[in-house]
Structures are given as C-alpha cells and as structure tokens.
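Report on one structure; see the data block that follows.
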Amino acid sequence: MSPIVSGLLNVVGILIVLVALAAGLTWIERRLLGFWQDRYGPNRAGPFGLLQAVADMIKILFKQDWVPPFADRPVFIIAPAVAMVTVLLAFAVVPVSPSIGIAANLNIGLLFFLAMSSLSVYSIVLAGWASNSKYSLLGGMRAAAQMLSYEVFMGLSVIGVVIIAGSFSLGDIVDAQHRLWFIIPQFLGFVVFVIAGIAETRRLPFDLPEGENELGAGFHTEYSGMKFGMFFVAEYIGIVLISAIITTLFLGGWRGPALPPLLWFLIKTGFFIGFFILLRAALPRPRYDQLMACGWKVMLPLALLNILLTGAVVLADRSPV
Amino acid sequence: MLSALRTLWLTFLHLFHRRETIRYPEQKPYLAPRYRGRIILSRDPDGEERCVSCYLCAVACPVDCISLQKTAEDGRWYPEFFRINFSRCIFCGYCEEACPTYAIQLTPDFEMSEYERRNLVYEKEDLLISGTGKYPGYSFYRVSGLAIPGKDKGEAEGEEPPVDVKGLLP
C-alpha cells in the first residue's frame with residue numbers, strides 16, 4: 001500500500017472516529033453526570049440510551065439554519081467553522097499509536113498544537129462579535145481575556161517537557177518517556193497544563209464564556225441548528241484533544257505494558273475525558289476576577305518555577321563534574 | 001484547592017450510590033391516599049348517588065371545568081348531567097373541599113392521557129364509581145333533616161322528632 005493511501009486512510013479514519021466520538025461523548029457526559037447526581041441520565045433510546053446521540057444528531061441536523069437579521073452574516077457563518085477546523089487540525093500532530101497518527105513526527109508538533117488552540121479563540125471572539133448582541137459580546141470578550149491569559153502559561157507549562165525530551169515533536173516526546181512518564185518529573189507542569197487545558201476547552205469550572213446563568217449561553221446565544229452543533233462538537237473534540245495531549249505529554253502516550261498501544265492510548269485519554277466530566281459535575285464556576293487572578297498570580301509563577309527547576313536539574317545533570 | 005479535590009472525590013463516590021430516579025412506566029411511583037388525581041363521584045352506602053347538585057363544586061372551581069344541571073325526583077336532588085372537562089382541570093381539590101356530601105372526591109390516579117382532547121370530557125357515567133370512596137359510612141339523606149319518601153322529618157340519625165307546637169302536652 002502506497003504511503004499516500006495509508007496517509008489518507010489515517011486522515012479519514014481519525015476524522016470519522018473523532019466526530020463519532022464527539023457525538024458519543026454527548027451521551028457519555030449526560031450519562032455520567034446523571035450517575036454523579038444519583039440519576040440515570042438518558043437511558044430510553046436504544047440499549048442503555050445509546051441511540052440518544054443519534055436522536056440528538058438527527059434533531060440538530062434538521063433544525064432550521066437561521067441567521068439573525070442583526071448579525072454580521074459572513075463572520076457569523078465562519079465562526080463555527082473556525083472552531084471545528086482548528087480542533088480537528090490540532091489532532092493531526094497527536095501520535096495515537098506507533099502506526100496511527102497523521103503528522104506525529106512534525107518537528108514543531110507541540111507549537112502547532114498551541115497555535116491551533118490559540119486560533120480557536122478567534123472562533124469564539126468572532127462568534128460573540130458577529131452575533132451583535134450584548135450577551136454574546138460579553139461572552140466573547142470573556143473568552144478572549146480568559147484564553148489569552150491561560151494560553152500564556154499553557155505554553156510555559158509544557159516547556160519543562162520539551163527541555164527533558166529535547167524536542168517539540170510529539171512522537172519524540174512519547175519516545176523520551178520509554179523509561180519514566182513525564183508526570184513524575186514534571187508533576188508541577190502537569191497540574192498547570194491540566195488547569196490550562198480545562199480553561200482552553202472552556203469547560204466547567206472555567207466556562208465563563210458560556211456562563212449559562214449569567215449570559216444566556218454566552219458567545220453562542222444567537223446560534224441555533226447545526227451552527228450551534230458545530231460549536232458543540234468542537235467543544236467535545238476539544239476535550240478529546242486536550243485529554244490526548246495530556247496523555248501524550250505526561251503519561252507516555254501509547255506506551256504501556258501488555259496491552260496494544262492503541263488501547264493504552266484510549267484508556268489514558270478516556271480517563272481524562274471522564275475527569276473533565278467529573279469536574280463539571282463537582283465544581284462551581286469561579287468569579288471572573290478570581291479566574292484572572294488565579295491565572296496571572298498563581299499559575300504563571302508556578303509555570304515559570306517549573307521551567308526554572310527543570311532547567312536547573314537538566315543543566316546540573318549534563319555538566320561535567 | 002484541597003476542598004476542590006475533596007468535592008471531586010465525594011462527587012465521584014456518588015457513582016456507587018442508589019439512584020433516586022423512579023423509572024416510571026415500568027416502576028410505579030407511590031401515590032399517597034389523599035393524592036389529588038382523577039376526580040370521581042361516589043355513592044352512599046345504599047348505592048344511591050351522593051351528589052345533590054348544589055353547584056358548590058362548580059362555584060369553587062377556579063378554572064370552571066365542572067358543569068352540571070340540577071333535577072329533582074321525589075324530593076331528592078340529582079344532577080341531570082355532571083360533566084368535568086379534564087383538559088382544563090388543575091387538580092386543585094377545591095371541589096372536594098367544597099362538597100357538602102362527600103360526593104366529589106379526588107383519587108390517586110393520574111394516568112388519563114388521551115389522543116383527542118374531547119375524550120378528556122368525562123360525563124357522569126364516567127365519573128360515578130360503585131363505592132363510597134374515602135368516607136364509607138356517610139349518607140347525606142340519612143343525617144339531614146330533609147324529608148324524603150321513606151324518611152319523614154325527625155327520623156334522621158341523631159334527630160329528635162319535631163315538637164308539636166300546637167299540642168298542650170309538655
């Protein structure tokens with residue numbers, strides 16, 4: 001099989017699996033939330049309510065595709081597409097297993113991921129702006145401020161991993177963890193990255209851009225039908241993406257004993273997806289100034305401290321005695 | 001930070017708790033005996049209709065869903081028709097409170113969905129039950145002073161015969 005064909009298979013396979021996973025996650029999330037609130041969650045359609053995802057998909061696909069007359073039409077339409085495209089593109093650099101992965105050995109893989117997750121801010125800001133309504137604008141502005149400030153130490157928190165691995169390529173980072181997962185030497189970086197990742201995907205407790213009980217639905221207040229669906233799917237793919245990146249950077253990616261690499265990757269990623277949903281079930285949303293203060297006054301110094309320590313240890317290790 | 005982690009753990013433990021949900025169609029919920037559900041018309045212990053068509057229920061009804069017509073027969077009052085529009089009824093129970101003869105009663109039953117709205121209009125035949133409902137021994141005509149065929153004045157339960165005001169005896 002020629003490399004082009006196998007590459008295409010990889011691309012199409014990952015795309016289909018991701019979108020299907022995002023649809024399935026809507027069911028998984030509601031089911032898990034139900035369990036954690038002593039309920040059952042959706043359990044009617046099909047076995048265990050599995051067809052609920054299909055029913056929701058059919059519903060949202062057949063809804064009227066409506067653009068409010070006061071909205072900035074072209075931007076309003078582009079914004080959800082940007083959200084989808086950026087998260088899907090970011091997945092290109094994730095090494096799912098030794099043989100699966102689109103551009104796992106891209107030499108700036110980690111930078112590419114950071115760039116794409118930064119670009120996804122645009123979708124929210126543009127959506128908030130183009131909706132031309134106050135709630136949406138407030139949500140968009142919150143998103144801009146939140147994601148810019150959390151982007152800073154998200155980038156800094158992974159520098160420790162890069163210093164140890166000596167490469168920006170995610171494939172190399174996974175290879176560098178063949179003896180020890182980076183979660184142990186880089187625990188501080190791990191914690192900071194997880195928190196930044198939650199803020200990056202706009203999940204509870206950092207879902208201030210949406211803020212249902214203050215802003216209606218925040219940046220997507222005016223969206224409906226499949227345009228809203230695209231934000232929704234993008235959010236879920238974002239969860240999968242952040243979980244996959246956490247797995248790759250700190251938990252040794254697909255590495256693990258006995259089981260096949262793909263299964264290891266799915267188990268680790270699934271664990272973090274579950275953790276994300278647990279966060280939603282358990283934690284309340286902080287106030288906006290608390291969020292910003294936490295970002296700049298706690299997380300940024302921690303990330304810098306992590307770089308300092310890691311750099312010092314690596315230098316001391318290398319220097320001839 | 002620690003409290004947040006504790007919250008996460010406690011929430012996670014709820015995975016192993018008992019579910020509060022009652023899976024309704026398969027599993028019926030417990031309805032209290034005085035639950036305010038489907039309205040019925042009861043009969044007295046002799047099997048006669050209790051309703052004396054005094055209209056108090058229709059007056060008390062905040063949504064005007066009860067309509068009836070009085071008719072009399074041998075000194076006893078009956079409803080000629082008695083109609084409850086359950087598509088309007090809000091199950092407030094005011095009719096039951098207003099009823100002086102315990103005729104109208106609410107029952108622990110709410111499964112009365114219909115495909116057509118007009119099927120929700122219940123006539124007297126649909127409302128009447130064969131029993132006495134929540135008040136087994138009560139019969140209005142047996143305790144009231146009203147004279148009906150077979151029971152003259154002074155023959156009701158706990159009632160003295162009327163004093164003959166024209167008689168000279170003490």
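The values are calculated or read from the model by the stated rules, or taken from the named source; none is laboratory data. Computed from a prediction, not measured in an experiment: that's the story for all the values here. Because the Cβ atoms are built from the backbone with ideal geometry, glycine has one as well, and the counts that use them run over all protein chains shown. Each accessible area value is taken on the protein alone, full model and side chains, heavy atoms only, with ligands, DNA and RNA left out. Shrake-Rupley method; radii C 1.70, N 1.55, O 1.52, S 1.80 Å.
Residues in the stretch B:109-134 that are under 14 Å from the mean Cα position of the chain (by Cα) and within 24 Å of B:Gly75 (Cα to Cα): B:Lys124, B:Leu127, B:Leu128, B:Ile129, B:Ser130, B:Gly131, B:Thr132. Going residue by residue through the stretch B:38-46, is there one that turns out to be open to solvent by less than 60 Å² (accessible area, probe 1.4 Å), away from chain A (no Cβ under 14 Å) and in a helix (DSSP H, G or I)? Checked against the condition, which is being open to solvent by less than 60 Å² (accessible area, probe 1.4 Å), away from chain A (no Cβ under 14 Å) and in a helix (DSSP H, G or I), the stretch B:38-46 yields no hits at all.
For the stretch A:60-75, the condition of being touching a residue at least 12 places away in the same chain (Cβ under 8 Å) and in contact with a Leu (Cβ under 7 Å, 6 or more places away or on another chain) holds for at least one residue. Residue count for the stretch A:200-231 under the criterion of being modelled with pLDDT of 85 or more, out of contact with any Pro (no Cβ under 6 Å at 6 or more places or on another chain) and in a helix (DSSP H, G or I): the result is 3.
Comparison of A:Gly128, A:Gly49 shows that the only residue that is over 25 Å from A:Leu241 (Cβ atoms), small (Gly, Ala, Ser) and touching a Pro at 6+ places or on another chain (Cβ under 9 Å) is A:Gly49.
Comparison of A:Ile183, A:Ile195, A:Ile163 shows that the only residue that is surrounded by 20 or more Cβ atoms within 10 Å (Cβ to Cβ) and either touching a helix residue (DSSP H, G or I) at 6+ places or on another chain (Cβ under 6 Å) or not hydroxyl-bearing (Ser, Thr, Tyr) (or both) is A:Ile195. Among the residues of the stretch B:58-93, those identified as among the charged types (D, E, K, R), at pLDDT below 90 and surrounded by fewer than 12 Cβ atoms within 10 Å (Cβ to Cβ) are B:Glu73, B:Asp74.
Select from the stretch A:111-126 the residues that are among the hydrophobic types (A, V, I, L, M, F, W, C) and either open to solvent by 40 Å² or more (accessible area, probe 1.4 Å) or not in a helix (DSSP H, G or I) (or both) and list them in ascending order.
Going through the stretch A:111-126, the residues among the hydrophobic types (A, V, I, L, M, F, W, C) turn out to be A:111-116, A:119, A:121, A:124-126.
Hits for the stretch A:111-126 are A:Leu111, A:Phe112, A:Ala115, A:Leu119, A:Val125, A:Leu126.
Criterion first (open to solvent by 40 Å² or more (accessible area, probe 1.4 Å), without any contact (Cβ under 8 Å) to a residue 40 or more places away in the chain, more than 14 Å from chain B (Cβ to nearest Cβ) and under 21 Å from A:Ser167 (Cβ atoms)) does A:Asp317 satisfy it?
Here the answer is yes, as A:Asp317 does meet what is asked.
Cβ-Cβ contacts under 8 Å between residues 6 or more apart (or on different chains), taken from a first residue in the stretch A:285-298 that is closer than 14 Å to A:Glu151 by Cα to a second residue that is assigned to a loop (DSSP other than H, G, I, E, B), are listed as A:Leu291/A:Phe206; A:Leu291/A:Leu208; A:Cys294/A:Pro286.
Looking for whichever is in contact with a Phe, Trp or Tyr (Cβ under 6 Å, 6 or more places away or on another chain), small (Gly, Ala, Ser) and not in a loop (DSSP other than H, G, I, E, B) here; the options are A:Gly140, A:Gly160, A:Gly155. Which one fits?
Criteria check complete, one pass: A:Gly140.
Can you spot a residue in the stretch B:112-126 that is open to solvent by 40 Å² or more (accessible area, probe 1.4 Å) and within 30 Å of A:Asp38 (Cα to Cα)? Within the stretch B:112-126, one or more residues are open to solvent by 40 Å² or more (accessible area, probe 1.4 Å) and within 30 Å of A:Asp38 (Cα to Cα). Looking only at the stretch A:260-297, count how many residues are outside any helix (DSSP H, G or I) and either within 14 Å of chain B (Cβ to nearest Cβ) or open to solvent by less than 60 Å² (accessible area, probe 1.4 Å) (or both). Of the residues in that region, 4 qualify. For the stretch A:124-132, the count of residues that are among the polar types (S, T, N, Q), in contact (Cβ under 8 Å) with a residue 24 or more places away in the chain and at positive phi is nonzero. The residues of the stretch B:1-37 that are hydrophobic (A, V, I, L, M, F, W, C), away from chain A (no Cβ under 11 Å) and assigned to a loop (DSSP other than H, G, I, E, B), listed by number, are B:Leu31, B:Ala32. Condition check for B:Glu96 on (1) surrounded by fewer than 16 Cβ atoms within 10 Å (Cβ to Cβ); (2) modelled with pLDDT of 90 or more; (3) under 17 Å from the mean Cα position of the chain (by Cα); (4) not aromatic (Phe, Trp, Tyr): one failure, at (1).
Which residues, counting only those in the stretch B:65-93, are within 16 Å of the chain's Cα centre (by Cα) and at positive phi? Quick ask: steps written out before the conclusion?
Going through the stretch B:65-93, the residues within 16 Å of the chain's Cα centre (by Cα) turn out to be B:65-68, B:79, B:82-86, B:89-93.
Passing the criteria: B:Phe91, B:Gly93.
The numbered conditions (1) in a loop (DSSP other than H, G, I, E, B); (2) out of contact with any Ser or Thr (no Cβ under 6 Å at 6 or more places or on another chain) are all true for A:Trp254 except (2).
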